[in-house]
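K.L.:
I'd like to ask you about the structure that follows.
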Amino acid sequence: MIQSPTPTIGSVAIDDIVQLAGAPVYVYNADVIRTQVHRLRAAFAGIPVRIQYACKALSSIAILKLMRSLGTGLDTVSIQEVHLGLHAGFTPEEILFTPNMVSFEEIREAVSLGVHINIDTISVLEQFGHEYGNTVPVCLRVNPHIMAGGNERISTGHIDSKFGISIHQMRHVQRIVQSGGINVNGLHMHTGSDILDADVFLQGAEILLELAELFPNLAFLDFGSGFKVPYKPDDIATDIEDLGQKLVARISAFNATRSSPVEVWFEPGKFLVSEAGTFLARVNVLKQTTATVFAGIDSGLNHLIRPMLYNSYHHIENVSNPLGTPRIYTVVGYICETDTFGWDRKLAEVRVGDILAFRNAGAYGFTMASNYNSRYRPAEVLVDGGSARIIRRRETLEDLLRLQEEA
Ligand SMILES: *Cc1c(COP(=O)(O)O)cnc(C)c1O
């Protein structure tokens, strides 16, 4: 019989990680993040590329510092993310602020901090021109009306979307730009998460390249993100290498026609951090019902909401009993709502106290965690160079009470 392999993350035994930080805990493998950054760079070698990590996916300071050490910039969607980025050591020049429906006050604050500004609404552009004229360059977020994304709720390019300025409004945009003397230095699109094939990107590229002719000062084209990562073992992922080859050829040809070449920016979130993350939670209860065997864990939608919010699939493994006989379970949380992580999952026999590992939990895991049911948010651990360290401690009762004023 084969010896049971000790399940590890970045060559650190999962047992040791749980010993260190307890459970539930988010664990990130720095090497996987490095690999993804390098893959992206390699795929687009040959054209000037900037990777603006979309930090809403995972914004813990240790992760932001890791990204910075790997040479990425940041894409931010709130002034608080801008502040976190600056705190982590990014320069304002390395940060793009891509807000939607924020107060103009928040845009003013971003301008005063010196970060790149991305505007996605005509009325806001008008006000921007009125206040700043040509003194502060601005990027325009356009909606190319490309239907992309595996799920309606994470599609942002369609006709009913609240994001971006429609490509059909460009005449109006041009008037505002000209009369306000606005300096447009970038064009941006982000058509939503989970783009399945390179052609969506290439269609978008054609649209941005065509619009680029309207803005002579253009310094960059930002193609957003939406790179899909495999969630199920047999899932297809965006073929970054194929996309790279095609886009590099197209952009090179475009740049050959211009006096100064445009940079290409990308804003991957999920692509950089999803596969690096594993969520570990302990089994509290096994409950046989008429329908199934529920494996109830010491966690719920308060810690990992993607399965309930987006119907996302996260692969689950029993890392405490890897050689156990496979059985079928329905994995659920302890929250007083229906919080099902997965129906009919084949797991190595589960015992109370076992640790279950939820894969691909690096993106939109911790950042979407809440205190619902007055539960503590989990700890976070970074594994790097063969060792694990806590990058965020588990909350305590004090954290729940900290901001409350008691009469
Ligand atoms: C969320 C977001 C991203 C990142 O999307 P992923 O699917 O995580 O790669 C990029 N750009 C903008 C503007 C976003 O809102």
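The values are calculated or read from the model by the stated rules, or taken from the named source; none is laboratory data. Quick caveat: nothing in here was measured; it's all calculated off a predicted structure. Ideal geometry is used to build each Cβ from the backbone, glycine not excepted, and the neighbour counts take in all protein chains shown. Side chains are part of the model used for accessible areas, which takes the heavy atoms of the whole protein and leaves out ligands, DNA and RNA. Shrake-Rupley method; radii C 1.70, N 1.55, O 1.52, S 1.80 Å.
K.L.:
Can you name the number of the only condition in (1) out of contact with any Lys or Arg (no Cβ under 7 Å at 6 or more places or on another chain); (2) in the same structural domain as Ala363 (by TED's automatic domain parsing); (3) away from the ligand (no atom under 16 Å from the Cβ) that Arg250 fails?
P.N.:
(2)
K.L.:
What number of residues within the stretch 177-222 satisfy the criterion of being open to solvent by 30 Å² or more (accessible area, probe 1.4 Å), at pLDDT 95 or above and in contact with an Asp or Glu (Cβ under 8 Å, 6 or more places away or on another chain)?
P.N.:
1
K.L.:
Which residues, taken from the stretch 78-91, are buried (at least 18 other Cβ atoms within 10 Å of the Cβ) and of a type in the set (Val, Ile, Thr)?
P.N.:
Once the filter is applied, which keeps residues that are buried (at least 18 other Cβ atoms within 10 Å of the Cβ) and of a type in the set (Val, Ile, Thr), the stretch 78-91 yields Ile79, Val82.
K.L.:
Sticking with this one: Identify the single condition in (1) open to solvent by 30 Å² or more (accessible area, probe 1.4 Å); (2) away from the ligand (no atom under 15 Å from the Cβ); (3) modelled with pLDDT of 95 or more; (4) not in a helix (DSSP H, G or I) that Val102 does not satisfy, given that it satisfies every other one.
P.N.:
Evaluating Val102 over (1) open to solvent by 30 Å² or more (accessible area, probe 1.4 Å); (2) away from the ligand (no atom under 15 Å from the Cβ); (3) modelled with pLDDT of 95 or more; (4) not in a helix (DSSP H, G or I) leaves (2) as the failure.
K.L.:
Next up: Just give me the residues in the stretch 11-62 being part of a helix (DSSP H, G or I) and in contact with a helix residue (DSSP H, G or I) (Cβ under 7 Å, 6 or more places away or on another chain), in sequence order.
P.N.:
Ala30, Ile33, Gln36, Val37, Arg39, Leu40, Ala43, Ile61
K.L.:
Could you tell me whether Ile355 is surrounded by fewer than 16 Cβ atoms within 10 Å (Cβ to Cβ) and of a type in the set (A, V, I, L, M, F, W, C)?
P.N.:
No, not satisfied.
K.L.:
Moving to a separate point now. Search the stretch 13-36 for residues that are farther than 18 Å from Leu356 by Cβ and open to solvent by less than 60 Å² (accessible area, probe 1.4 Å) and pair each with any residue that is among the charged types (D, E, K, R) and outside any strand (DSSP E or B) when their beta-carbon atoms are under 7 Å apart and the residues are at least 6 apart or on different chains.
P.N.:
Listed pairs, sorted by first residue: Val32/Glu275.
K.L.:
While we're looking at this one, here's another question. Please indicate, with yes or no, whether at least one residue in the stretch 252-271 is more than 26 Å from Ser166 (Cα to Cα), in contact with a strand residue (DSSP E or B) (Cβ under 9 Å, 6 or more places away or on another chain) and open to solvent by less than 40 Å² (accessible area, probe 1.4 Å).
P.N.:
Yes, the stretch 252-271 has at least one match.
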